[in-house]
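Working notes, beginning with the structure itself.
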Amino acid sequence: MPRAEATVDLAIVGAGLAGLTAALTAAELGLETVVVERMASGGQVLNVEAVGNFPGFPRGIAGYELGPLVQEQAEAAGAQFVMDSVLALARQGDQWEVACADRTLAARTVVLAAGSAFRGAGRSGLAGPRRVALCLVRWAALRRQGRLRCGRRRFRAG
């Protein structure tokens with residue numbers, strides 16, 4: 001694995017809303033932040049027709065509009081974005097080496113926010129129901145610690 005030239009404070013793997021929000025917050029706090037994404041920023045939210053109850057959008061917003069807006073805000077705060085695929089993570093002393101297809105990054109901390117493919121709980125390696133269906137995507141669900149209110153079994157990881 002080639003050596004990275006410089007060490008950043010934070011490397012974030014994945015640019016879905018979780019990765020973008022982490023990047024925005026970290027960069028605003030003054031951390032040198034790099035986000036590695038292999039596809040477009042926004043992740044699964046790009047496929048959502050309307051995201052309701054997201055702060056700042058009282059009438060909702062299309063997912064394909066939200067992802068790029070959050071990336072723009074993170075970039076304005078100082079986060080850097082790299083289009084690449086992460087192949088491996090390795091601990092090297094007090095830092096992490098993030099091996100990508102085209103480069104190697106070094107970071108003091110790594111956030112894994114790489115969840116761009118929908119998979120049921122049974123395929124995630126976590127104990128729980130074999131089938132998980134989301135009935136509604138709302139920001140409020142995060143504030144309620146993931147409780148979805150659709151009258152069916154619920155599954156929460158994290």
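Placing R0 at 30 angstrom, the Cβ-Cβ distance between ASP84 and ALA62 gives a FRET efficiency of 0.65 after rounding to 0.05. Rounded, prolate or oblate, given the Cα gyration tensor of region 1-64, with a/c below 1.5 counting as rounded? Taking the square roots of the gyration eigenvalues as a ≥ b ≥ c, region 1-64 is oblate.
Can you classify region 40-81 as rounded, prolate or oblate using the Cα gyration tensor, where a ≥ b ≥ c are the square roots of its eigenvalues, rounded means a/c under 1.5, and otherwise it's prolate if a/b beats b/c and oblate if not?
On the way: a/c = 3.49, a/b = 1.53, b/c = 2.29.
In terms of gyration-tensor shape, oblate.
Note on ASP94 and LEU112: their simple-model spin labels are 2.4 nm apart, each label 7 Å out from Cα toward Cβ.
Keeping every protein chain present and rolling a 1.4 Å probe, give me the accessible area per residue for region 1-55 in Å². Intermediate results must be reported in sequence, preceding the final value.
Working: 2710 Å² over 55 residues.
So region 1-55 comes to 49 Å² accessible per residue, rounded to a whole number.
The values are calculated or read from the model by the stated rules, or taken from the named source; none is laboratory data. This one's a predicted model, so the numbers in the text were calculated from it and none came from an experiment. Positions of Cβ are backbone-derived with ideal geometry, glycine not excepted, and every protein chain shown enters the neighbour counts. Calculation scope for accessible area: heavy atoms of the full protein, side chains included, ligands and nucleic acids excluded. Shrake-Rupley method; radii C 1.70, N 1.55, O 1.52, S 1.80 Å.
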